[in-house]
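In what follows, a single structure is set out as structure tokens and then discussed.
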Amino acid sequence: MPKQNINPSDYPQAVLQQIDLLAQNIVVARKRRKETQAQWAKRLGVSQPTMARIEKGDPSVAMASYVMCVWLINPGASLADLIAPQHDATALEREVAKVMPRARTQKTAGPLRSNTDVSSARTAAGLAALLAKAPGASQ
């Protein structure tokens, strides 16, 4: 396995908390099913000690092992949807900022004149509408 560039202890606290919460949920799901770590390890294709590390929230365990746990718990869930482009509010905000008409000086103030300005305004309005529809968008 390749050496990691960042020591897991240097990860942001928020990341470590999310991994810990994921681990806790994995433990709850396994116990509710009355299954052992060994049973889950076999399904995941990992060793029982690795399964124990997953349940401890060890950030150095391969992401694929955590994703497999999510899949075992909820095969219909799509982890990729969490970061799908339409849910990337930061990128959408940057795109909106790029196409928003620049602040005009007193001298040039007036109605939009060029087709480019009108097109940019429409694009900005469309992106703003997407942002408003995104889950978790403040309304």
**Prompt:** For region 11-19, does any single residue satisfy the condition of being exposed (fewer than 11 other Cβ atoms within 10 Å of the Cβ) and in a helix (DSSP H, G or I)?
**Reply:** yes
**Request:** Answer with yes or no whether L92 is touching a helix residue (DSSP H, G or I) at 6+ places or on another chain (Cβ under 7 Å) and at pLDDT 85 or above.
**Result:** yes
**Message:** Residue under question is L22, and the condition is that it be at pLDDT 95 or above, closer than 26 Å to N5 by Cα and open to solvent by 40 Å² or more (accessible area, probe 1.4 Å); does it hold?
**Reply:** yes
**Request:** Only residues that are without any contact (Cβ under 8 Å) to a residue 12 or more places away in the chain, polar (S, T, N, Q) and surrounded by 14 or more Cβ atoms within 10 Å (Cβ to Cβ): list them for region 33-47, please.
**Result:** Q39
**Prompt:** Regarding R30, is this residue without any contact (Cβ under 8 Å) to a residue 40 or more places away in the chain, of a type in the set (K, R), open to solvent by 80 Å² or more (accessible area, probe 1.4 Å) and in a helix (DSSP H, G or I)?
**Reply:** no
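Go through region 52-103 and give me each residue that's of a type in the set (S, T, N, Q) and assigned to a helix (DSSP H, G or I). Steps first, please.
The first filter runs over region 52-103 and keeps only residues of a type in the set (S, T, N, Q), leaving 60, 65, 74, 78, 86, 90.
Residues satisfying the conditions are S65, Q86, T90.
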**Prompt:** Are there any pairs, at least 6 apart or on different chains, whose C-beta atoms fall under 6 Å, with the first in region 57-70 and in contact (Cβ under 8 Å) with a residue 12 or more places away in the chain and closer than 14 Å to I6 by Cα and the second assigned to a helix (DSSP H, G or I) and not hydroxyl-bearing (S, T, Y), and if so, which?
**Reply:** P59/P8; P59/I19; S60/P8
**Message:** Quick check on region 61-82: of everything there that is surrounded by 11 or more Cβ atoms within 10 Å (Cβ to Cβ) and among the hydroxyl-bearing types (S, T, Y), which residue is nearest to the chain's Cα centre (by Cα)?
**Reply:** Y66
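The values are calculated or read from the model by the stated rules, or taken from the named source; none is laboratory data. This is a predicted model, so every value here is computed, not measured. Using ideal geometry, Cβ is built from the backbone for each residue, glycine included, and neighbour counts are taken over all protein chains shown. Quick note on the areas: whole protein, heavy atoms, side chains included, nothing else; ligands and nucleic acids left out. Shrake-Rupley method; radii C 1.70, N 1.55, O 1.52, S 1.80 Å.
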